[in-house]
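These notes concern the structure reproduced below.
Just so you know, all these numbers are worked out from the coordinates, no wet-lab data involved. Source: prediction; values computed, not measured. Cβ placement follows ideal geometry from the backbone for every residue including glycine, while neighbour counts extend to all protein chains displayed.
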Amino acid sequence: MVLKKINTDRIQHFNLKSSPGQKRPGMEKSIVIIVALTALIFVAASAVMSQWSIEEMCRIVRRQFNEEQMVIAHNVKNFIEREFSLLKREMKILSLELEKNEDSVRAIQSMLDRVGECGVSKIEFYNRDAGILYSGQPGRREITYSPLEKNLPLPFDPDAQKINHLSISRPHIKPSEIFLLLSLTVGQSPSQIIICHVNISWLLDPFLKNIRSGKTGYAWIIDSDGYFIFHPVTSFIGKNAFLARKEKDDAISFVEINKIQKDEMLNGLEGTGRYFSGWHRELKGRMEKLIAYTPVTVSQTPAQYWSIAVVAPVMEIEKAVRDKYMDQFFMQIAVIFTIIAGASIIMFFEVKWSRYMEKEVDRQTEELVKSEAKYRSLVENAEDFIFTVDPNGRFLSMNSFTSKFFTARTEDHIGKGLSSLFSEEMTQRLQQLMHTVFQSKKSIRKESGFILDGAKIFLDSNMVPLRNERGEVISVLCIARDITENKKIERHLIHTEKLASVGTLAAGVAHEINNPLGVILGFCDLMLRKKDKTSQDYKDLKIIERQGLHCKEIVENLLGFVRTGEENGHRQADLNQCLEDTIKIARHRFEKEGIALSLEFSNTIPLVKGHSRKLQQVFLNLINNAADAMPKGGKLTIRTFMDNDLHMVAAQFQDEGVAIADKDMDYIFEPFFTTKPEGRGTGLGLFVSYGIITGFGGIMECESQKQAKSGIGSRGTIFTVKLMVIS
């Protein structure tokens, strides 16, 4: 607008001097000189302003472009770390399956099916106890196994392998490939180790091969030892990053990039900068590049980081700006030589040029807006909680996933405090973390939980400080991921290990008690034969016998829990038939206590893995528990159906009785835990039932009141038993 006003004033001034009424004899030359001097001064001033504008615009474009490159680097970092998290979780799941003495071939093949697209080239299981080496590769349906020779060279140091600790090696560089090894012992046995070979090229190519920053910018990665593990220049891969560039062009100094790599990237730091290179894709010659880099966490213990960098040449970014401004400058110089011939023509071209520049700036601005929108869509489409907060704890921005998760609108919370979205307890935690970020100016990662609609939600939050050009922290970026399901899996694994330990202990105790208990009952029976049935001694002995038999029942239940897996391998059962046989036993109690029975059986379910008698024991226990929970009568619904997600057959028991308290939900499958009155239960029913079902490879779940997410019913308890299908 200022340029338009200056041009308009100059045109008006020129027209005033050129009007016939204003001309005087001898003034034409003076007017031409004045106009020429004025034009010369304007052009000189315009040249200075153009140069200043070029530098200012280039500075802004550089900063914004590096910020966009940082967004790309963060997205790729998150993708890579997600892949490593998946591999680590799958390794632990495979370890647990092998620890339970499940079919090794089936377990390894199952993991290969799940991680086939994560860069895995091979999975090996070294079972030195059995002297067997199992090996599988993606795409091959057969798992090979061979004798494990004593002098066979191993790809790891067996003495250095920590028990139950997942280790990730540094990248192994070979002429044909670069790979790393993930190793994990099976349980507490140092002689059984799983090795996962990860081809780094297979892992990184899907994320990095088609990365573009601007038109030709690309990404590369170095490991913690300074070696390229990914680079568009394939000859660089596997070489030292401090030497590879020098080998290609020793006429250029790479001091800037070497300093960035040494002081920042190899120390796991994040930032932006610039450096000089001798090439960029097909272009050659000394050129300046912009770089944004961020660390990729490979493992925490021991700490191992890679660093990803996104780079683009400065000339590509600034070329359009400089070209347009320089064209304007040279045009103004041409005006100096033509101003005397006609100031009106000069003014005309300047006005025309100014309009052209406005359109060009609008076009460039539109392109920048489109580019920003593209990278903003990456944030909006990410299935993570992403928002920024100012020093006063008010929302500055928020992605759509966050607002949709809390069933809110983004615009209703921008400019408001954290308490407008989170609970008071969660708000205090987040404010404390953000205060620490503002004070320390460092990123913080922490897990936290909060209650939403009666359910416990766990988040893995990463607080990142955002700085201005002066390095001051002006806001905090929070990237959080919902890890509620991971927490459930972790709790389930802990609970399973605890039950296994208790079962082993209980078996030993039960065997020790069983022998003296048999002696007590035997002598009690001998004494009963010698006493008169009407005497007080006889009555006292009957009490002893009754309590002894009660103890014997408890011992048999404990031993039954330990022996649940002995007959599982070659048994099959009809789930509907097992339920019908069990209901015949309990039907009299239902009629007596006024309990309505509703059966919803599916006629299309297949046979399941299990033992009919043991399954009837489980179902009878669940039915009796449901009846005990409805002392005043009610309705018990038993249904069977196919769980297509897990490819398992399910039996579900839903009552309308007293629900299980929240505080008791984590303990219902533990031995000797019961909510029944004293003398009504031993606390072993669910414990033994859980052992029987898991021994068949099945799953037992419980939902009660607030724990229920399925929406089935509003009161009572639902027990679900899921069993494997006979293949």
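Between the amide H of SER423 and any residue lying 5 or more places away or on another chain, no distance stays under 5 Å, with hydrogens modeled in the peptide plane.
Hey, got the dipole for the stretch 382-482? About the Cα centre, +1 on K and R Cβ, -1 on D and E Cβ, debye to the nearest 20? Walk me through the numbers before you get to the answer.
On the way: 13 positive and 13 negative charges, 64 e Å.
In total the dipole reaches around 300 debye.
Straight-line cross-link reach from LYS404 at under 20 Å between alpha-carbon atoms covers these lysines, not counting any fewer than eight positions away in the same chain: LYS416, LYS456, LYS709.
Under 12 Å of direct C-alpha separation, and excluding same-chain neighbours fewer than eight residues apart, LYS324 reaches these aspartates and glutamates: GLU358, GLU360. Sparse packing (at most 16 other Cβ atoms within 10 Å of the Cβ) combined with a DSSP loop state is found for the following GluC sites (Glu not before Pro) in the stretch 256-321: GLU282.
If you take the beta carbon distance between ASP129 and LYS88 as r and set R0 to 41 Å, what does 1/(1 + (r/R0)^6) give as a FRET efficiency, to the nearest 0.05?
Working: r = 25 Å, r/R0 = 0.60.
Efficiency for this residue pair is about 0.95.
Shown is the FRET efficiency for SER354 and VAL48, computed with R0 = 22 Å from the Cβ-Cβ distance and rounded to the nearest 0.05: 0.80. Cross-link partners for LYS552 among the aspartates and glutamates, with Cα-Cα distance under 14 Å and sequence neighbours closer than 8 places in the same chain left out: GLU512.
Pairs from the list LYS533/LYS592; LYS488/LYS663; LYS174/LYS209 with a Cα-Cα gap above 25 Å: LYS533/LYS592.
In this structure, the amide hydrogen of GLN304, modeled 1.01 Å from its nitrogen in the peptide plane, lies closer than 5 angstrom to those of VAL298, SER299, counting only residues at least 5 positions away or on a different chain.
Between the stretch 646-661 and the stretch 577-644, the alpha-carbon centres lie 10 Å apart.
Note on GLU117 and GLU580: their simple-model spin labels are 4.4 nm apart, each label 7 Å out from Cα toward Cβ. Distance between the modelled labels on ILE543 and ASN267, one decimal in nanometres: 7.9 nm (7 Å Cα→Cβ projection). With 18 Å as the limit, the listed pairs LYS259/LYS289; LYS609/LYS722; LYS215/LYS259; LYS77/LYS239; LYS248/LYS284; LYS88/LYS122 have LYS215/LYS259; LYS77/LYS239 beyond it between alpha carbons.
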